[in-house]
Amino acid sequence: MKTLKNYKLLFDNACPMCRAYSGAFVKAKILDEKGREAYQQMSAETAANIDTDRARNEIALVNNTTGEVVYGIDSIFKLLANAFPVFAPIFNFKPFHWFMKKVYSFIAYNRKVIVPGNDKMDTCVPDVNLKYRWIYIVFTWLCTSLVLTHFSFHLIGLLPPSRFFREFIICGGQIIFQSGVIYLLAKNKILDYLGNMMTISFAGAIFLSMFLLAGKIIGIHNPYIYAGAFMFVVGLMLLEHLRRVKLLGIHWGASAGWVIYRLIVLWIII
């Protein structure tokens with residue numbers, strides 16, 4: 001594995017994901033020890049070579065000698081192709097490149113709602129891309145609905161059995177309900193809030209999926225145990241909701257609305 005030398009990867013220091021994967025490149029010696037630089041503290045020399053607006057949305061890789069810059073998935077592929085030349089043809093395969101560029105954009109434009117930082121003076125905030133934000137919201141909506149449908153079958157005896165359509169409508173109803181709440185509290189932050197809310201829902205679905213898998217392996221069949229696990233996950237989700245609402249600078253009433261909607265749904269189901 002070769003180290004890419006004389007290059008500088010410009011990463012978002014306020015993004016936990018960006019810090020993690022750029023740091024991993026250095027630790028794995030894909031980049032040398034001085035091969036990354038935070039966007040927020042970039043030198044005047046680096047700033048002169050890059051498109052600063054584009055670099056907020058797509059991580060930039062700068063050639064220190066020529067000043068040449070590549071962005072986004074091309075930056076990642078250049079690093080990996082240098083470290084693992086055997087994979088270079090795959091990275092250059094146009095259908096694969098096209099698909100991975102879409103995946104990269106999907107994550108990059110939503111990174112602040114997937115794993116938010118706590119720097120209120122952050123200067124590396126990506127543009128709000130409506131297409132990728134709504135794709136993210138719909139994707140997490142579908143995944144959450146699917147997991148809740150499977151989980152509901154383990155609650156039979158405590159709650160009526162459910163189907164995907166019902167869970168899909170419930171999740172979609174919360175998007176609409178909370179959009180109204182946030183419109184009253186901070187209407188300019190609706191899309192940022194919805195992205196964060198759906199990340200919380202998706203994280204909750206992942207935890208429930210892990211419990212479903214563990215229950216299948218161990219052989220848990222008691223609906224009360226599944227109900228307890230569900231309430232525990234909801235409690236964690238509420239704590240994370242409160243934390244993210246605070247980071248967004250939105251009134252705690254947003255969390256109250258989140259709870260009220262769930263109580264209304266529970267009352268209707270029962």
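Residues in region 188-223 that are assigned to a helix (DSSP H, G or I) and touching a Gly at 6+ places or on another chain (Cβ under 9 Å): Lys189, Pro223.
Just to be sure, is Phe207 among the aromatic types (Phe, Trp, Tyr) and at pLDDT 95 or above? When the stated conditions are applied, Phe207 passes them. Does region 126-148 contain any residue that is within 30 Å of Ala47 (Cα to Cα), in contact (Cβ under 8 Å) with a residue 40 or more places away in the chain and surrounded by fewer than 14 Cβ atoms within 10 Å (Cβ to Cβ)? Checked against the condition, which is being within 30 Å of Ala47 (Cα to Cα), in contact (Cβ under 8 Å) with a residue 40 or more places away in the chain and surrounded by fewer than 14 Cβ atoms within 10 Å (Cβ to Cβ), region 126-148 yields at least one hit.
With respect to the conditions (1) within 30 Å of Asp53 (Cα to Cα); (2) in a helix (DSSP H, G or I), Ile170 falls short on a single one, namely (1).
Would you pick out the residues in region 72-101 that are loosely packed, with under 14 Cβ neighbours inside 10 Å and more than 23 Å from Asp51 (Cβ to Cβ)? Of everything in region 72-101, those that are loosely packed, with under 14 Cβ neighbours inside 10 Å and more than 23 Å from Asp51 (Cβ to Cβ) turn out to be Pro85, Val86, Phe87, Pro89, Asn92, Phe93, Lys94, Pro95, Phe96, Phe99.
Consider region 22-34 and keep the residues that are modelled with pLDDT of 90 or more and surrounded by 14 or more Cβ atoms within 10 Å (Cβ to Cβ). The one that is nearest to the chain's Cα centre (by Cα) is Ser22.
Restricting attention to region 179-197, and to residues there that are of a type in the set (D, E, K, R) and within 19 Å of the chain's Cα centre (by Cα), which single residue is surrounded by the most Cβ atoms within 10 Å (Cβ to Cβ)?
Start the filter on region 179-197 by keeping residues that are of a type in the set (D, E, K, R), which leaves 187, 189, 192.
Those still in the list that are within 19 Å of the chain's Cα centre (by Cα) too: 189, 192.
Values: Lys189: 17, Asp192: 21.
Result: Asp192.
Applying the set (1) surrounded by 14 or more Cβ atoms within 10 Å (Cβ to Cβ); (2) closer than 29 Å to Tyr104 by Cα to Ile176 leaves exactly one unmet item: (1). Of all residues in region 66-76, those satisfying the criterion of being over 16 Å from Ala28 (Cβ atoms) and in contact with a strand residue (DSSP E or B) (Cβ under 9 Å, 6 or more places away or on another chain) are Glu68, Val69, Val70, Tyr71, Gly72, Asp74.
Only one of the numbered conditions (1) in contact with a helix residue (DSSP H, G or I) (Cβ under 9 Å, 6 or more places away or on another chain); (2) surrounded by fewer than 19 Cβ atoms within 10 Å (Cβ to Cβ); (3) over 21 Å from His251 (Cβ atoms); (4) not assigned by TED's automatic domain parsing to the domain that holds Ala60 is violated by Phe153, and that is (1).
Identify, from the list Ile200, Ile169, the residue that is loosely packed, with under 14 Cβ neighbours inside 10 Å, within 30 Å of Leu247 (Cβ to Cβ) and modelled with pLDDT of 95 or more.
On the way: Ile200 fails: loosely packed, with under 14 Cβ neighbours inside 10 Å.
Sole residue among the options that is loosely packed, with under 14 Cβ neighbours inside 10 Å, within 30 Å of Leu247 (Cβ to Cβ) and modelled with pLDDT of 95 or more: Ile169.
Within region 93-109, identify whether any single residue is at pLDDT below 95 and not in a helix (DSSP H, G or I), and answer yes or no. So far as region 93-109 goes, no, none of its residues is at pLDDT below 95 and not in a helix (DSSP H, G or I).
Counting the residues of region 220-263 that are of a type in the set (S, T, N, Q), exposed (fewer than 14 other Cβ atoms within 10 Å of the Cβ) and within 24 Å of the chain's Cα centre (by Cα) gives 0.
The values are calculated or read from the model by the stated rules, or taken from the named source; none is laboratory data. Only a predicted model underlies this, so the values are computations on that prediction, with no experimental measurement involved. Here the Cβ is made from the backbone with ideal geometry for all residues, glycine too, and neighbour counts use every protein chain on show.
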